[in-house]
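Below is one structure; the comments refer to it alone.
Any read-out appearing in this document is the output of simple, stated calculations on the displayed coordinates, not a laboratory observation. Predicted, not measured: the structure shown is a model, and the values here were computed from it. We place every Cβ from the backbone using ideal geometry, glycine too, and count neighbours over all the protein chains shown.
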Amino acid sequence: MDYTWLGLVAGTGVLAILFAMVVTGRINAFKVDNENVVRLSSIIQRGAMAFLYREYKALIPFVAIVAVLLGYKLGLPSAVCFLVGAVCSASTGYAGMRVATKSNGKTAFAATSGMNAALRVAFQGGSVMGMTVVGVGVIGIVAMYVLYGDPNVIASFGFGASSIALFARVGGGIYTKAADVGADLVGKVEAGIPEDDPRNPAVIADNVGDNVGDIAGMGADLFESYVNSIIAAMSVGAMIYGTAGVAYPLFLAAVGIVASILGTFFVRVKEGGDPQLALRMGLISTGALMILGTFFVTRWMFQGDLSLFWAVLGGVASGVAIGYVTEIYTSASYRPVKEIAEASNTGYATNILSGIGVGMKSAGWPVVLICAATLVGVKFGGLYGIACSAVGMLAITGMALSVDAYGPIADNAGGIAEMSGLPKTVRSITDKLDAVGNTTAAIGKGLAIGSAALTALALFVAYGQAVKLSAIDLKDPHVMVGLFIGGLLPFIFSALSIQAVGRAAQKMIDEVRRQFREIPGIMEGTAEPHYESCVDISTAAALREMVVPGLMAVIVPVLVGYFLGVHALGGLLGGSIVTGVMLAIFMSNAGGAWDNAKKYIEEGHHGGKGTPAHAAAVVGDTVGDPFKDTAGPSLNILIKLMSVVALVLAPLFI
């Protein structure tokens, strides 16, 4: 095998890691001259890293058992790839969250110097997560391909990444939303104290949750999306173009890494400027550089034939467009969020109804764009074109995740500013950054969901090739049963996730009420709440409740494939993709819209804080929390994990 081109691709992965290390050094060198800020940031970091340690420790038996079974049934290469994929996924979450939890307090302190300084620190903190994900992903895939030389074998690498991602996303989502719901309902609605008030016992758990859910969870989510899109394209491409079909998606990933690094230099904002515009410029410039690089790579690899370039362009354009549509439905600058805020004037019910309606409508254009990317991919590259379209959409993950991870850092910075008593001008800057962060998080989730649909389709194509499935015959009762089971699974999965948040939140609410009732001096600020008890409640609930939804995604495809056959399993994958994508978009966007409608009212619209409209908006935001941060984003992992399980275990079902 000629390793020259593999070395070039791996080199871009190394470049991404080096970039992350340089940025980490800059963040570490930034000094914070405020003891309260340092102390609070340290508490949040300890809580976040302790949860991650316990979560990974709880996952070791699952990873070990699956690796042994894969080794026994499919051979040692599959077991090794699975283990490496799981370790890579866990390591990216660890590295990204460690830096993010250092960046939050530094962002708060930087805000004392102005908007640009705070944005720079928050974005740099997020970029470590983004660049670590793409760097480790590319290096891991290249290493497994050098070892085994078979894309179908290294599909187990994606299996390992997806397994960790699902547990991380569900567990992190349950943790953060249990704390968030408890803090908001008792603190804001019942006690009437501000958000992130240090008198609230759940406030530290809430800030820890922002990291374990939206940093480690989102990082693992996009890591598995990223590697699975590349692996699916490699598997399909090997059947059509041979080595060139394997190399092309890896070169696309390499171009995306370089484009993402260059794109970070476009994220700048002047004092009084719009941070959202700065972040958007970073994404747009990265997308433009990705398209330019793809043009030359395609022309070089396929002797001037640009067919696959148009397929990739369709994926990149669809990803950017989905991000824009998501912004329209989740940003307070546009009508949908303002409609929810207006509906809050007439109470809780109208706020909820308006949010549900906005979320459902928001699924329309993203689905149209996914369909368009699929048709463009097929027209210019056949089934391989669909896979390359997914890679194109995810090739800019380095920048997209940097922008996404910036949000929780800004959110934490606001909480630290409030708790440490920094000037109100600092909180106004962090609030503005946080509001933008809600939108960028929604854009990141929109991109993840759109890419999940295309990646799941590509994995489905690879599965069809592996089991020689030429068509899905709807006259076959086994196929119809598979379709119904697949369509049902996202609903059951979402229900389990949302109810888990509800149960954990009830315990959190009881604990916060107990402390307000039994600890004298909390409301007067003369006694400190017991933050650790709330952290323990979220941690225990997350680790307990993540098990059933996570195992369901692995076990159900195995049972259907074994007892009903490969055609029924194909039906299951098709049904899960359709309902999973719709539900994921609906819940993610509805939650983001509810959140920003609340912030829009808190800015002074419709009476501002303390009014009935604000109380209704807080309740809407509370309902939206598990929608946007637990169930919604976890669904895109669910549909890909089931697809990759089917692909990896296909030899056992034939």
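Classify the stretch 16-149 from the C-alpha gyration tensor, please: rounded if a/c falls under 1.5, else prolate or oblate depending on whether a/b exceeds b/c. It comes out oblate by the Cα gyration axes.
Spatial offset of the stretch 85-99 relative to the stretch 367-388 amounts to 31 Å, using the alpha carbon center of each. Working note: Debye formula, equal point scatterers on the alpha-carbon atoms of the stretch 107-217, no solvent; log10 I(q)/I(0) at q = 0.10, 0.14, 0.22, 0.23 Å⁻¹ is -0.49, -0.79, -1.15, -1.17.
Which order do the peptides 142-148, 452-458, 179-185 take when ranked by the mean count of other beta-carbon atoms within 10 Å per residue, highest first? Show your work: numbers first, answer last.
On the way: 142-148: 19.7, 452-458: 30.0, 179-185: 26.7.
Highest to lowest by the protection proxy: 452-458, 179-185, 142-148.
Counting only alpha carbon atoms, the long axis of helix 612-626 and the longest principal axis of the chain meet at about 30°. The distance from the alpha carbon centre of the stretch 583-607 to that of the stretch 283-317 is 36 Å, rounded to a whole number.
The stretch 158-288: percent of C-alpha pairs farther apart than 26 Å? When every Cα pair of the stretch 158-288 is considered, 51 percent fall beyond 26 Å. Spacing of the modelled spin labels on residue 46 and residue 379, each 7 Å from Cα toward Cβ, amounts to 6.0 nm.
Amide H contacts of residue 32: none lie under 5 Å away among residues 5 or more positions distant or on a separate chain (H built 1.01 Å from N in the peptide plane; Pro and chain starts excluded).
Could you order peptides 20-26, 390-396, 431-437 by the average number of other Cβ atoms within 10 Å of their residues, highest first? Walk me through the numbers before you get to the answer.
Values: 20-26: 16.9, 390-396: 33.6, 431-437: 24.4.
Output ranking for 20-26, 390-396, 431-437: 390-396, 431-437, 20-26.
Set the Förster distance to 41 Å, then compute FRET efficiency between residue 268 and residue 14 from the Cβ-Cβ distance, nearest 0.05.
0.95
The phi torsions of the stretch 630-641, fed into the Karplus equation with coefficients 6.51, -1.76 and 1.60 and a -60° offset, translate into couplings of 10, 6, x, x, 6, 5, 5, 6, 4, 5, 6, 4 Hz, rounded to whole numbers, with Gly and Pro shown as x. Highest average first, the peptides 231-241, 150-160, 612-622 ordered by how many other beta carbon atoms sit within 10 Å of their residues are 150-160, 231-241, 612-622. Between residue 514 and residue 360, full extension at 0.36 nm per residue minus the direct alpha carbon distance yields a gain of 51.6 nm. The lysines whose alpha-carbon is closer than 22 Å to the alpha-carbon of residue 599, local same-chain residues fewer than 8 away aside, are 177, 188, 338, 361, 424, 432, 445, 609, 628. Relative to the longest principal Cα axis of the chain, at what angle does helix 364-394 sit, 0 to 90 degrees, rounded to 10? Helix 364-394 and the main axis of the chain meet at about 30 degrees. Solvent-free Debye calculation, one equal scatterer per alpha-carbon of the stretch 557-636: log10 I(q)/I(0) at 0.13, 0.22 Å⁻¹ equals -0.54, -0.90. If R0 is 60 Å, what FRET efficiency do you get for residue 603 and residue 306 from their C-beta distance, rounded to 0.05? In this case the efficiency is close to 0.80. Taking label positions 7 Å along the Cα-Cβ direction at both residue 54 and residue 147, the computed distance is 3.2 nm, reported to one decimal. In terms of other Cβ atoms within 10 Å, 419, 582, 131, 360 run from fewest to most in the order 360, 582, 419, 131.
Using the 2.2 N^0.38 Å rule of thumb for compact globular proteins, work out how the stretch 62-131 stacks up: its C-alpha Rg over that value, please. Provide the component values of the computation, followed by the final result.
Numbers: Rg = 19.1 Å, N = 70, 2.2 N^0.38 = 11.1 Å.
The reported ratio for this selection is 1.73.
Averaging the Cα positions of each part gives two centres, and for the stretch 1-77 and the stretch 103-131 these lie 20 Å apart.
Label zone (residue 295, point 7 Å along Cα-to-C-beta; backbone nitrogen cut-off 11 Å) within the stretch 215-255: none. 3J(HN,Hα) couplings calculated from phi for the stretch 16-29 with the Karplus curve 6.51 cos²θ - 1.76 cosθ + 1.60 (θ = phi - 60°) are, in sequence order, 5, 5, 4, 4, 4, 5, 4, 5, 4, x, 5, 5, 4, 6 Hz; Gly and Pro show x.
Once the Cβ-Cβ distance between residue 277 and residue 533 is put in as r, and R0 is 25 Å, what FRET efficiency do you end up with, to the nearest 0.05?
0.05
Name the shape class, rounded, prolate or oblate, that the alpha-carbon gyration tensor gives for the stretch 504-560, where a ≥ b ≥ c are the square roots of its eigenvalues, rounded holds for a/c under 1.5, and otherwise prolate holds if a/b is larger than b/c and oblate otherwise. Prolate, because a/c is 1.5 or more and a/b exceeds b/c. Applying Stokes-Einstein at 25 °C and 0.890 mPa s to the Kirkwood radius of the chain, computed over alpha-carbon pairs, gives a translational diffusion coefficient of 102 µm² s⁻¹.
Each helix, a run of at least 4 DSSP H residues, gives -39500 (n - 2.57); summed and divided by the residues of the chain, these come to -29000 deg cm²/dmol at 222 nm. Backbone phi angles across the stretch 61-67, fed through the Karplus curve with coefficients 6.51, -1.76 and 1.60 (θ = phi - 60°), yield HN-Hα couplings of x, 4, 4, 5, 5, 5, 4 Hz in residue order; Gly and Pro are listed as x. Rg ratio for the stretch 249-316: its Cα radius of gyration over 2.2 N^0.38 Å, N being its residue count, equals 1.30. Sketch the reach of a paramagnetic label on residue 484 as a point 7 Å from Cα along Cα-to-Cβ, and name the residues of the stretch 636-651 whose backbone nitrogen lies under 20 Å away. No residues fall inside that zone.
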